[in-house]
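Novice: Right, I'll just put the structure down here and ask away after.
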Amino acid sequence: MKTTVLILVTLFGMTAIAQEQKAQVPQISVTGEGKVKVTPDQVVINVGFQNTGKDAKEVKNLNDEVVDKVIRFLKKSGIPATDYKTNNVSLYKTYDYDKKKYNFQANQSLTILLKDLSKYDDIMMGLNDAGVNSISGVEFKSSKMEDYEREARKKAILDAKQKAQDYVSVLNQKIGKALLITDNSQSYVPQPMYKGGMMAMASNADSSRETLAVGELEINTNVSVTFALE
């Protein structure tokens with residue numbers, strides 16, 4: 001009986017070792033990076049305006065007038081209603097320590113998606129004429145961002161594959177199928193890499209003046225890939 005148990009234990013042990021050896025497939029792990037540079041064809045403009053006065057209703061009405069002018073201007077310029085929206089509206093009391101009195105301040109901000117960059121100067125001048133008195137920033141985008149992201153992912157995998165081949169070629173080995181792929185990319189909003197100076201805006205700018213340096217976006221993708229070795 002003891003002999004039978006010993007044989008069974010030995011068989012189970014040998015099976016476990018064989019399975020462990022089989023599971024330990026020779027492999028190599030590398031990282032790959034994919035980069036795609038894109039010329040933006042859209043821009044998101046963040047603008048705002050504010051009015052200050054003694055009466056809350058008065059300053060709110062002043063802001064409402066600006067909103068009305070801005071929306072009328074955007075519609076007249078052919079900007080779809082889906083491409084602009086109100087981000088923030090506020091009305092609050094402030095105290096002027098120099099004049100020893102209270103005032104009310106009304107603020108409002110808008111985000112506008114401009115899909116035709118050739119209209120940039122006209123839009124900015126029109127917004128200025130409508131009463132917009134602050135520009136909090138511009139963000140360049142591409143209408144084909146998803147396509148470029150897919151391209152970057154493919155480049156990252158090809159880069160990882162090439163790295164693995166470079167490493168194992170000196171060992172007279174070949175890489176096999178991919179065993180594990182991990183996406184290490186971080187979500188981010190790509191910013192333009194400027195080729196020239198930052199845009200400048202002046203109320204007396206003429207039509208021949210260039211006020212927007214579009215530059216280019218750089219989309220980065222990073223992956224880790226584990227390949228089996230043959």
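The values are calculated or read from the model by the stated rules, or taken from the named source; none is laboratory data. Predicted model only: the values in this text are computed from it and were never measured. Here the Cβ is made from the backbone with ideal geometry for all residues, glycine too, and neighbour counts use every protein chain on show. Accessible surface is based on the protein model in full, side chains and every heavy atom, while ligands, DNA and RNA are left aside. Shrake-Rupley method; radii C 1.70, N 1.55, O 1.52, S 1.80 Å.
Novice: Restrict the check to the stretch 150-166 and report whether at least one residue is under 22 Å from the mean Cα position of the chain (by Cα), loosely packed, with under 15 Cβ neighbours inside 10 Å, assigned to a strand (DSSP E or B) and modelled with pLDDT of 90 or more.
Specialist: no
Novice: Considering every residue within the stretch 73-88, establish whether at least one is in contact (Cβ under 8 Å) with a residue 12 or more places away in the chain and in contact with a Phe, Trp or Tyr (Cβ under 7 Å, 6 or more places away or on another chain).
Specialist: Yes.
Novice: Output the residues belonging to the stretch 54-102 that are among the hydrophobic types (A, V, I, L, M, F, W, C), within 34 Å of the chain's Cα centre (by Cα) and assigned to a helix (DSSP H, G or I).
Specialist: Within the stretch 54-102, 66, 67, 70, 71, 73, 74, 81 meet the criteria.
Novice: Would you call residue 85 on the phi > 0 side of the Ramachandran plot and open to solvent by 50 Å² or more (accessible area, probe 1.4 Å)?
Specialist: Judged against the criteria, residue 85 is not a match.
Novice: Going through the stretch 153-186 one residue at a time, which ones are touching a residue at least 24 places away in the same chain (Cβ under 8 Å), out of contact with any Ser or Thr (no Cβ under 6 Å at 6 or more places or on another chain) and among the hydroxyl-bearing types (Ser, Thr, Tyr)?
Specialist: 167
Novice: Can you name the residue in the stretch 169-193 that is aliphatic (A, V, I, L, M) and modelled with pLDDT under 95 and, of all such residues, is surrounded by the fewest Cβ atoms within 10 Å (Cβ to Cβ)?
Specialist: 170
Novice: Looking at the stretch 106-119, which of its residues are open to solvent by 20 Å² or more (accessible area, probe 1.4 Å) and farther than 30 Å from residue 36 by Cα?
Specialist: 107, 108, 109
Novice: Among the numbered conditions (1) at pLDDT 90 or above; (2) open to solvent by 70 Å² or more (accessible area, probe 1.4 Å), tell me where residue 78 comes up short.
Specialist: (2)
Novice: Out of all the residues in the stretch 27-51, which are open to solvent by 30 Å² or more (accessible area, probe 1.4 Å) and out of contact with any helix residue (DSSP H, G or I) (no Cβ under 6 Å at 6 or more places or on another chain)?
Specialist: Correct list: 27, 29, 31, 35, 37, 39, 41, 46, 50.
Novice: Still on this structure: Of all residues in the stretch 120-149, how many are without any contact (Cβ under 8 Å) to a residue 60 or more places away in the chain and open to solvent by less than 50 Å² (accessible area, probe 1.4 Å)?
Specialist: 1
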